[in-house]
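Visitor: The structure under discussion is supplied below as C-alpha coordinates; questions concerning it will follow.
The values are calculated or read from the model by the stated rules, or taken from the named source; none is laboratory data. The structure presented is a predicted model; accordingly, all values stated were derived computationally and were not measured. We place every Cβ from the backbone using ideal geometry, glycine too, and count neighbours over all the protein chains shown. Accessible surface is based on the protein model in full, side chains and every heavy atom, while ligands, DNA and RNA are left aside. Shrake-Rupley method; radii C 1.70, N 1.55, O 1.52, S 1.80 Å.
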Amino acid sequence: MELLMTEKKQNIIQAVKEYGRQLFGFIRGRVNTNEDAEDILQDVWYQLSSQARLDDIESISGWLYRVARNRITDTYRKKKNTALNDGVADDEEWLVPLFMQDKSGNPVFLTDLWPAEREIQETMLKAVRSDMFKTTYARVFEGDERWRALPTPEGDRFEWDLNSTYIRKPPFFDGLTLDPKPLTDIMGARVLALLGDSVTTDHISPAGSIPADSPAGKYLIEHGVTPREFNSYGARRGNHEVMMRGTFANIRLRNQVAPGTEGGWTTLLPDGDVMTIYDASVKYRERNVPLIVLAGKEYGSGSSRDWAAKGTLLLGVGAVIAESFERIHRSNLVNMGVLPLQFKAGETVASYQLTGRERFDIQGVTSLRPRREITVRATADDGSVTQIPVMVRIDTPEELESFRHGGILPYVLRQLVTQ
(Lines give C-alpha, C1' and ligand atoms only; values in the text may rest on other atoms or scores of the structure.)
Protein backbone atom coordinates (compact mmCIF):
# COMPACT_ATOMS: atom_id res chain seq x y z
CA MET A 1 0.00 0.00 0.00
CA GLU A 2 2.78 2.42 0.90
CA LEU A 3 4.27 1.99 -2.59
CA LEU A 4 1.10 3.46 -4.04
CA MET A 5 1.19 6.54 -1.84
CA THR A 6 2.33 9.93 -3.01
CA GLU A 7 5.62 11.18 -1.68
CA LYS A 8 3.78 13.91 0.24
CA LYS A 9 1.52 11.36 1.87
CA GLN A 10 4.47 9.17 2.84
CA ASN A 11 6.22 12.18 4.38
CA ILE A 12 3.15 13.07 6.45
CA ILE A 13 2.74 9.51 7.70
CA GLN A 14 6.43 9.28 8.59
CA ALA A 15 6.23 12.58 10.48
CA VAL A 16 3.18 11.38 12.39
CA LYS A 17 4.85 8.07 13.22
CA GLU A 18 7.54 10.00 15.09
CA TYR A 19 4.86 10.49 17.71
CA GLY A 20 4.47 6.71 17.91
CA ARG A 21 6.00 6.44 21.40
CA GLN A 22 3.53 8.99 22.76
CA LEU A 23 0.60 7.24 21.08
CA PHE A 24 1.86 3.83 22.26
CA GLY A 25 1.93 5.16 25.82
CA PHE A 26 -1.64 6.36 25.44
CA ILE A 27 -2.71 2.89 24.28
CA ARG A 28 -0.55 0.92 26.77
CA GLY A 29 -2.13 2.78 29.70
CA ARG A 30 -5.51 1.34 28.71
CA VAL A 31 -4.73 -2.29 27.85
CA ASN A 32 -3.37 -5.28 29.75
CA THR A 33 -0.31 -6.29 27.71
CA ASN A 34 2.35 -4.88 25.43
CA GLU A 35 1.15 -7.32 22.76
CA ASP A 36 -2.34 -5.81 22.79
CA ALA A 37 -0.87 -2.31 22.57
CA GLU A 38 1.40 -3.25 19.63
CA ASP A 39 -1.50 -4.83 17.73
CA ILE A 40 -3.68 -1.77 18.21
CA LEU A 41 -0.87 0.63 17.22
CA GLN A 42 -0.18 -1.31 14.01
CA ASP A 43 -3.88 -1.19 13.15
CA VAL A 44 -3.89 2.60 13.68
CA TRP A 45 -0.92 2.99 11.28
CA TYR A 46 -2.71 0.82 8.72
CA GLN A 47 -5.87 2.94 8.91
CA LEU A 48 -3.76 6.09 8.62
CA SER A 49 -2.07 4.73 5.47
CA SER A 50 -5.45 4.00 3.89
CA GLN A 51 -6.78 7.51 4.37
CA ALA A 52 -7.56 9.18 1.06
CA ARG A 53 -7.12 12.70 2.44
CA LEU A 54 -4.39 13.83 4.82
CA ASP A 55 -3.90 17.37 6.09
CA ASP A 56 -1.38 18.83 8.54
CA ILE A 57 -0.24 16.88 11.60
CA GLU A 58 -2.36 18.98 13.97
CA SER A 59 -5.59 18.00 12.24
CA ILE A 60 -4.53 14.34 12.12
CA SER A 61 -3.63 14.02 15.80
CA GLY A 62 -7.23 14.01 17.04
CA TRP A 63 -8.15 11.45 14.38
CA LEU A 64 -5.32 9.15 15.51
CA TYR A 65 -6.48 9.12 19.11
CA ARG A 66 -10.10 8.51 18.11
CA VAL A 67 -9.06 5.49 16.02
CA ALA A 68 -6.88 4.19 18.87
CA ARG A 69 -9.70 4.63 21.36
CA ASN A 70 -12.16 2.78 19.12
CA ARG A 71 -9.73 -0.11 18.71
CA ILE A 72 -9.21 -0.29 22.48
CA THR A 73 -12.98 -0.45 22.91
CA ASP A 74 -13.25 -3.27 20.36
CA THR A 75 -10.46 -5.18 22.14
CA TYR A 76 -12.16 -5.04 25.52
CA ARG A 77 -15.72 -5.53 24.33
CA LYS A 78 -15.24 -9.29 24.05
CA LYS A 79 -13.25 -9.43 27.30
CA LYS A 80 -15.81 -7.60 29.40
CA ASN A 81 -17.69 -10.07 31.63
CA THR A 82 -19.06 -7.75 34.30
CA ALA A 83 -22.86 -7.58 34.07
CA LEU A 84 -24.25 -4.06 33.79
CA ASN A 85 -27.42 -4.08 35.83
CA ASP A 86 -29.77 -1.59 37.48
CA GLY A 87 -30.43 0.16 34.18
CA VAL A 88 -26.82 1.17 33.38
CA ALA A 89 -26.47 1.52 29.59
CA ASP A 90 -24.13 -0.85 27.72
CA ASP A 91 -22.25 1.96 26.00
CA GLU A 92 -18.68 1.97 24.70
CA GLU A 93 -17.68 4.55 27.31
CA TRP A 94 -18.12 1.88 30.00
CA LEU A 95 -15.79 -0.51 28.23
CA VAL A 96 -12.62 1.64 28.11
CA PRO A 97 -10.20 0.95 31.00
CA LEU A 98 -9.29 3.89 33.20
CA PHE A 99 -5.76 4.94 34.25
CA MET A 100 -5.82 2.66 37.28
CA GLN A 101 -5.74 -0.96 38.42
CA ASP A 102 -7.30 -2.81 41.34
CA LYS A 103 -5.30 -4.60 44.05
CA SER A 104 -4.98 -7.66 41.82
CA GLY A 105 -3.55 -5.64 38.95
CA ASN A 106 -6.65 -5.82 36.77
CA PRO A 107 -7.80 -2.74 34.84
CA VAL A 108 -10.61 -0.72 36.43
CA PHE A 109 -13.58 0.20 34.26
CA LEU A 110 -15.93 3.12 34.66
CA THR A 111 -18.76 0.66 35.28
CA ASP A 112 -16.90 -0.51 38.39
CA LEU A 113 -17.06 2.98 39.90
CA TRP A 114 -20.34 4.35 38.60
CA PRO A 115 -23.26 4.20 41.08
CA ALA A 116 -26.30 2.10 40.28
CA GLU A 117 -29.45 3.82 39.05
CA ARG A 118 -31.14 3.04 42.39
CA GLU A 119 -28.38 4.85 44.32
CA ILE A 120 -28.65 7.88 42.05
CA GLN A 121 -32.41 8.09 42.51
CA GLU A 122 -32.15 7.79 46.28
CA THR A 123 -29.56 10.57 46.41
CA MET A 124 -31.65 12.83 44.19
CA LEU A 125 -34.73 12.35 46.37
CA LYS A 126 -32.73 13.41 49.42
CA ALA A 127 -30.85 16.32 47.83
CA VAL A 128 -33.36 17.88 45.40
CA ARG A 129 -36.33 19.65 46.99
CA SER A 130 -39.20 21.59 45.44
CA ASP A 131 -38.46 24.72 47.48
CA MET A 132 -35.09 25.00 45.69
CA PHE A 133 -36.89 25.52 42.37
CA LYS A 134 -39.49 27.88 43.84
CA THR A 135 -36.80 30.09 45.40
CA THR A 136 -34.63 30.17 42.28
CA TYR A 137 -37.40 30.84 39.75
CA ALA A 138 -38.99 33.51 41.94
CA ARG A 139 -35.92 35.69 41.23
CA VAL A 140 -35.20 34.51 37.68
CA PHE A 141 -35.72 37.96 36.11
CA GLU A 142 -33.72 39.86 38.73
CA GLY A 143 -30.26 38.54 37.96
CA ASP A 144 -27.16 38.98 40.09
CA GLU A 145 -25.25 42.20 40.72
CA ARG A 146 -23.18 41.87 37.57
CA TRP A 147 -26.30 41.44 35.45
CA ARG A 148 -28.01 44.43 37.03
CA ALA A 149 -24.85 46.54 36.56
CA LEU A 150 -24.82 46.08 32.77
CA PRO A 151 -25.58 49.32 30.90
CA THR A 152 -29.02 49.20 29.31
CA PRO A 153 -29.89 51.38 26.29
CA GLU A 154 -33.18 53.24 26.58
CA GLY A 155 -35.81 53.87 23.94
CA ASP A 156 -38.26 51.90 21.83
CA ARG A 157 -35.77 50.79 19.17
CA PHE A 158 -32.83 48.43 19.39
CA GLU A 159 -29.53 50.28 19.54
CA TRP A 160 -27.30 48.62 16.94
CA ASP A 161 -23.60 48.42 17.75
CA LEU A 162 -21.81 49.34 14.52
CA ASN A 163 -18.61 47.68 15.77
CA SER A 164 -20.19 44.36 16.68
CA THR A 165 -19.05 41.30 14.72
CA TYR A 166 -21.83 39.14 16.22
CA ILE A 167 -25.00 41.20 15.73
CA ARG A 168 -25.43 43.69 12.91
CA LYS A 169 -28.46 45.35 11.40
CA PRO A 170 -29.56 43.13 8.50
CA PRO A 171 -30.38 44.67 5.11
CA PHE A 172 -33.71 42.91 4.57
CA PHE A 173 -35.71 46.14 4.96
CA ASP A 174 -33.29 48.49 3.18
CA GLY A 175 -35.05 50.51 0.48
CA LEU A 176 -38.45 49.16 1.47
CA THR A 177 -41.41 51.05 0.00
CA LEU A 178 -44.99 51.07 1.21
CA ASP A 179 -46.16 49.23 -1.92
CA PRO A 180 -44.29 46.26 -3.39
CA LYS A 181 -42.51 46.74 -6.69
CA PRO A 182 -43.98 44.90 -9.70
CA LEU A 183 -42.48 41.50 -10.44
CA THR A 184 -40.16 41.39 -13.45
CA ASP A 185 -38.76 38.63 -15.62
CA ILE A 186 -35.19 37.56 -14.90
CA MET A 187 -33.12 38.31 -17.98
CA GLY A 188 -29.48 37.59 -18.76
CA ALA A 189 -28.84 35.67 -15.55
CA ARG A 190 -25.61 33.81 -14.91
CA VAL A 191 -25.20 30.56 -12.98
CA LEU A 192 -23.51 31.13 -9.64
CA ALA A 193 -23.52 27.43 -8.77
CA LEU A 194 -24.36 24.22 -10.64
CA LEU A 195 -24.82 21.48 -8.05
CA GLY A 196 -25.72 17.80 -7.94
CA ASP A 197 -28.24 15.74 -5.99
CA SER A 198 -28.96 15.93 -2.25
CA VAL A 199 -27.37 19.32 -1.66
CA THR A 200 -28.15 19.95 2.00
CA THR A 201 -28.77 23.20 3.82
CA ASP A 202 -25.37 22.66 5.45
CA HIS A 203 -23.77 22.67 2.00
CA ILE A 204 -25.60 25.92 1.32
CA SER A 205 -25.08 27.55 4.73
CA PRO A 206 -22.54 25.71 6.92
CA ALA A 207 -22.76 26.13 10.70
CA GLY A 208 -19.29 24.88 11.57
CA SER A 209 -15.85 26.44 11.84
CA ILE A 210 -14.79 29.47 9.81
CA PRO A 211 -11.53 29.03 7.84
CA ALA A 212 -9.14 31.96 8.15
CA ASP A 213 -8.62 32.19 4.38
CA SER A 214 -12.35 32.17 3.57
CA PRO A 215 -14.30 35.36 2.75
CA ALA A 216 -15.93 35.23 6.21
CA GLY A 217 -12.57 34.66 7.89
CA LYS A 218 -10.97 37.56 6.04
CA TYR A 219 -13.90 39.79 7.00
CA LEU A 220 -13.47 38.94 10.69
CA ILE A 221 -9.71 39.51 10.57
CA GLU A 222 -10.29 42.90 8.92
CA HIS A 223 -12.56 43.75 11.85
CA GLY A 224 -9.98 42.87 14.47
CA VAL A 225 -11.03 39.30 15.27
CA THR A 226 -8.20 36.78 15.57
CA PRO A 227 -8.71 33.27 14.12
CA ARG A 228 -8.79 31.72 17.59
CA GLU A 229 -11.80 33.98 18.36
CA PHE A 230 -13.69 33.23 15.14
CA ASN A 231 -16.16 30.87 16.82
CA SER A 232 -18.47 29.31 14.18
CA TYR A 233 -20.91 30.34 11.48
CA GLY A 234 -23.72 29.20 13.75
CA ALA A 235 -22.53 31.44 16.58
CA ARG A 236 -22.30 34.46 14.26
CA ARG A 237 -25.65 33.97 12.57
CA GLY A 238 -26.70 37.40 13.84
CA ASN A 239 -24.17 39.01 11.49
CA HIS A 240 -25.33 38.91 7.89
CA GLU A 241 -21.88 39.98 6.68
CA VAL A 242 -20.44 36.71 7.99
CA MET A 243 -23.36 34.55 6.92
CA MET A 244 -23.62 35.81 3.34
CA ARG A 245 -19.88 35.22 2.95
CA GLY A 246 -20.42 31.74 4.30
CA THR A 247 -23.23 30.87 1.90
CA PHE A 248 -22.18 28.02 -0.43
CA ALA A 249 -18.84 28.02 1.43
CA ASN A 250 -18.99 24.45 2.71
CA ILE A 251 -15.57 22.88 2.14
CA ARG A 252 -17.21 19.77 0.63
CA LEU A 253 -19.32 21.64 -1.94
CA ARG A 254 -18.65 20.70 -5.57
CA ASN A 255 -19.67 23.42 -8.00
CA GLN A 256 -19.61 22.21 -11.60
CA VAL A 257 -19.20 25.78 -12.83
CA ALA A 258 -15.68 25.53 -11.40
CA PRO A 259 -14.71 21.92 -12.26
CA GLY A 260 -11.85 20.42 -10.30
CA THR A 261 -12.47 22.55 -7.21
CA GLU A 262 -13.95 21.64 -3.85
CA GLY A 263 -15.46 24.24 -1.57
CA GLY A 264 -17.06 27.62 -2.19
CA TRP A 265 -15.60 28.31 -5.63
CA THR A 266 -17.15 29.37 -8.93
CA THR A 267 -16.13 30.76 -12.30
CA LEU A 268 -16.89 34.41 -13.05
CA LEU A 269 -18.54 34.59 -16.46
CA PRO A 270 -17.82 35.41 -19.16
CA ASP A 271 -14.32 36.30 -17.87
CA GLY A 272 -13.43 32.74 -16.89
CA ASP A 273 -11.70 33.68 -13.60
CA VAL A 274 -12.08 31.16 -10.77
CA MET A 275 -12.84 32.86 -7.45
CA THR A 276 -14.93 32.41 -4.32
CA ILE A 277 -18.69 32.36 -4.75
CA TYR A 278 -19.00 35.42 -2.53
CA ASP A 279 -16.42 37.45 -4.47
CA ALA A 280 -18.08 36.49 -7.75
CA SER A 281 -21.50 37.56 -6.41
CA VAL A 282 -20.07 40.99 -5.57
CA LYS A 283 -18.72 41.42 -9.10
CA TYR A 284 -21.99 40.28 -10.64
CA ARG A 285 -23.85 42.78 -8.46
CA GLU A 286 -21.54 45.58 -9.63
CA ARG A 287 -22.39 44.61 -13.22
CA ASN A 288 -26.15 44.36 -12.48
CA VAL A 289 -26.15 40.71 -13.56
CA PRO A 290 -28.88 38.57 -11.96
CA LEU A 291 -27.95 35.11 -10.69
CA ILE A 292 -29.49 31.66 -10.55
CA VAL A 293 -28.55 28.26 -9.10
CA LEU A 294 -28.98 24.94 -10.92
CA ALA A 295 -29.31 21.71 -8.94
CA GLY A 296 -30.44 18.09 -8.97
CA LYS A 297 -32.80 16.16 -6.73
CA GLU A 298 -33.68 16.97 -3.09
CA TYR A 299 -32.19 20.44 -3.12
CA GLY A 300 -32.10 21.86 0.42
CA SER A 301 -32.42 18.56 2.27
CA GLY A 302 -31.35 18.23 5.89
CA SER A 303 -32.18 20.63 8.69
CA SER A 304 -34.49 23.56 7.96
CA ARG A 305 -31.71 26.17 8.21
CA ASP A 306 -33.16 29.63 7.56
CA TRP A 307 -29.82 31.12 6.53
CA ALA A 308 -29.69 28.73 3.57
CA ALA A 309 -32.47 30.87 2.04
CA LYS A 310 -31.39 34.21 3.53
CA GLY A 311 -27.81 33.86 2.33
CA THR A 312 -28.97 32.81 -1.14
CA LEU A 313 -30.99 36.02 -1.41
CA LEU A 314 -28.16 38.24 -0.13
CA LEU A 315 -25.79 36.82 -2.75
CA GLY A 316 -28.16 38.11 -5.41
CA VAL A 317 -29.68 34.77 -6.47
CA GLY A 318 -33.15 35.34 -7.90
CA ALA A 319 -34.12 31.77 -8.74
CA VAL A 320 -33.14 28.15 -8.07
CA ILE A 321 -33.91 25.56 -10.76
CA ALA A 322 -33.79 21.99 -9.44
CA GLU A 323 -35.18 18.53 -10.16
CA SER A 324 -36.91 18.55 -6.76
CA PHE A 325 -36.86 20.49 -3.48
CA GLU A 326 -36.95 19.61 0.18
CA ARG A 327 -40.32 20.85 1.42
CA ILE A 328 -39.26 23.37 4.08
CA HIS A 329 -36.35 24.83 2.14
CA ARG A 330 -38.61 25.37 -0.87
CA SER A 331 -40.99 27.32 1.37
CA ASN A 332 -38.10 29.29 2.88
CA LEU A 333 -36.88 30.29 -0.59
CA VAL A 334 -40.33 31.59 -1.50
CA ASN A 335 -40.60 33.51 1.77
CA MET A 336 -37.25 35.18 1.14
CA GLY A 337 -38.26 36.22 -2.37
CA VAL A 338 -36.21 33.59 -4.24
CA LEU A 339 -38.13 31.82 -7.02
CA PRO A 340 -38.01 27.98 -6.89
CA LEU A 341 -38.45 26.37 -10.30
CA GLN A 342 -38.61 22.63 -10.97
CA PHE A 343 -37.64 20.66 -14.07
CA LYS A 344 -40.35 18.47 -15.54
CA ALA A 345 -40.21 14.80 -14.56
CA GLY A 346 -37.30 13.04 -16.21
CA GLU A 347 -35.64 16.27 -17.32
CA THR A 348 -32.35 17.42 -15.79
CA VAL A 349 -29.40 19.71 -16.29
CA ALA A 350 -27.68 16.84 -18.07
CA SER A 351 -30.63 16.04 -20.34
CA TYR A 352 -30.53 19.62 -21.63
CA GLN A 353 -26.71 19.45 -21.87
CA LEU A 354 -26.35 22.58 -19.76
CA THR A 355 -22.82 23.53 -18.70
CA GLY A 356 -23.58 26.45 -16.41
CA ARG A 357 -21.84 28.87 -18.76
CA GLU A 358 -25.09 29.86 -20.51
CA ARG A 359 -27.07 33.05 -20.05
CA PHE A 360 -30.59 32.44 -18.76
CA ASP A 361 -33.86 34.30 -19.33
CA ILE A 362 -36.76 33.34 -17.05
CA GLN A 363 -39.95 34.50 -18.72
CA GLY A 364 -43.42 34.58 -17.17
CA VAL A 365 -42.44 35.96 -13.76
CA THR A 366 -44.64 39.01 -14.31
CA SER A 367 -47.73 36.79 -14.48
CA LEU A 368 -46.93 34.09 -11.94
CA ARG A 369 -49.54 31.60 -10.79
CA PRO A 370 -49.07 28.79 -8.26
CA ARG A 371 -47.57 25.66 -9.87
CA ARG A 372 -47.82 27.20 -13.32
CA GLU A 373 -45.48 26.18 -16.13
CA ILE A 374 -43.20 28.92 -17.45
CA THR A 375 -40.27 28.92 -19.86
CA VAL A 376 -36.56 29.32 -19.23
CA ARG A 377 -34.33 30.21 -22.20
CA ALA A 378 -30.68 29.17 -22.01
CA THR A 379 -28.37 30.85 -24.51
CA ALA A 380 -24.96 29.23 -25.04
CA ASP A 381 -21.74 31.03 -26.00
CA ASP A 382 -22.25 30.04 -29.65
CA GLY A 383 -25.70 31.69 -29.67
CA SER A 384 -27.72 28.47 -29.65
CA VAL A 385 -30.90 28.65 -27.55
CA THR A 386 -32.48 25.91 -25.44
CA GLN A 387 -36.10 26.26 -24.32
CA ILE A 388 -36.72 24.67 -20.90
CA PRO A 389 -40.26 24.33 -19.52
CA VAL A 390 -40.28 24.42 -15.72
CA MET A 391 -42.92 24.41 -12.99
CA VAL A 392 -43.21 27.34 -10.61
CA ARG A 393 -42.88 25.84 -7.13
CA ILE A 394 -44.87 28.57 -5.47
CA ASP A 395 -47.56 26.16 -4.34
CA THR A 396 -50.34 28.30 -2.82
CA PRO A 397 -51.95 31.71 -3.30
CA GLU A 398 -50.67 32.72 0.15
CA GLU A 399 -47.09 31.93 -0.89
CA LEU A 400 -47.58 33.89 -4.10
CA GLU A 401 -48.73 36.93 -2.13
CA SER A 402 -45.66 36.70 0.09
CA PHE A 403 -43.40 36.37 -2.96
CA ARG A 404 -44.96 39.42 -4.62
CA HIS A 405 -43.93 41.46 -1.57
CA GLY A 406 -40.34 40.24 -1.82
CA GLY A 407 -40.75 37.72 0.97
CA ILE A 408 -42.46 37.26 4.31
CA LEU A 409 -40.49 39.97 6.14
CA PRO A 410 -41.53 42.95 3.97
CA TYR A 411 -44.99 41.41 3.60
CA VAL A 412 -45.62 41.35 7.34
CA LEU A 413 -44.10 44.79 7.88
CA ARG A 414 -46.32 46.35 5.23
CA GLN A 415 -49.35 44.74 6.86
CA LEU A 416 -48.37 46.19 10.25
CA VAL A 417 -47.86 49.66 8.79
CA THR A 418 -51.25 49.71 7.02
CA GLN A 419 -53.27 48.44 10.01
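Visitor: Using protein chains only and a probe of 1.4 angstrom, how many square angstrom of residue 118 are accessible, to the nearest 10?
Guide: Its heavy atoms expose roughly 130 Å² to the probe.
Visitor: Please report the orientation-averaged projected area of region 174-333, defined via the convex hull of its C-alpha atoms, in nm².
Guide: Details: hull surface 40.4 nm².
Over every viewing direction, the Cα hull of region 174-333 projects on average to 10.1 nm².
Visitor: Something else now. Order 361, 179, most accessible first, counting only protein heavy atoms with a 1.4 angstrom probe. Provide the component values of the computation, followed by the final result.
Guide: Numbers: 361 25, 179 105 Å².
Sorted descending by solvent-accessible area, the residues read 179, 361.
Visitor: Size of the dipole of region 183-335 about the Cα centre, Lys and Arg at +1 and Asp and Glu at -1 on the beta carbon, nothing else charged, in debye to 20?
Guide: On the way: 16 positive and 16 negative charges, 50 e Å.
The calculated dipole for region 183-335 is roughly 240 debye.
Visitor: With charges set only on the Cβ (+1 for Lys and Arg, -1 for Asp and Glu), what does the dipole of region 218-262 come to about its Cα centre, in debye to the nearest 20? Intermediate values should be presented prior to the final figure.
Guide: Numbers: 7 positive and 4 negative charges, 27 e Å.
In debye, rounded to 20, region 218-262 gives about 120.
Visitor: Here is a follow-up. Mind putting a number on the dipole of region 195-275 about its Cα centre? Charges go on the C-beta only, +1 for Lys and Arg and -1 for Asp and Glu, and I need it in Debye to the nearest 20. Present the calculation step by step, with values, prior to reporting the outcome.
Guide: On the way: 7 positive and 9 negative charges, 52 e Å.
Rounded to the nearest 20 debye, it is 240 debye.
Visitor: What number, in nm² with one decimal, is the all-direction average of the projected area of the convex hull of the alpha-carbon atoms of region 210-299? Please report the intermediate quantities before stating the final value.
Guide: Numbers: hull surface 27.5 nm².
Mean projected area for region 210-299: 6.9 nm², to one decimal.
Visitor: Now, a different point. Just grab the label-to-label distance for residue 136 and residue 154, each label 7 Å out from Cα along the Cβ direction, in nm (one decimal).
Guide: Here the answer is 3.5 nm between the modelled labels.
Visitor: Just to verify a number: what accessible area does residue 352 come out at with the full protein assembly present, 1.4 Å probe, Å² rounded to tens?
Guide: Its accessible surface works out to 40 Å², give or take rounding.
Visitor: Would you work out which of 265, 301, 246 lies farthest towards the positive end of the dipole of region 219-353, given +1 charges on the beta-carbon of Lys and Arg and -1 on that of Asp and Glu, about the Cα centre?
Guide: It is 301, whose Cα lies furthest towards the positive end.
Visitor: In sequence order, what are the phi-derived ³J(HN,Hα) couplings for region 312-317 according to the Karplus relation 6.51 cos²θ - 1.76 cosθ + 1.60 with θ = phi - 60°, rounded to whole Hz, with x for glycine and proline?
Guide: Listing the rounded values in order: 4, 4, 5, 6, x, 6 Hz.
Visitor: Could you list, in their original order, any pairs among 218/297; 169/218; 134/310; 181/218; 169/344; 181/283 whose Cα atoms are separated by more than 31 Å? It would help to have the intermediate numbers written out before the result.
Guide: Numbers: 218/297 33 Å; 169/218 20 Å; 134/310 42 Å; 181/218 35 Å; 169/344 40 Å; 181/283 24 Å.
As for pairs spanning more than 31 Å Cα to Cα, those are 218/297; 134/310; 181/218; 169/344.
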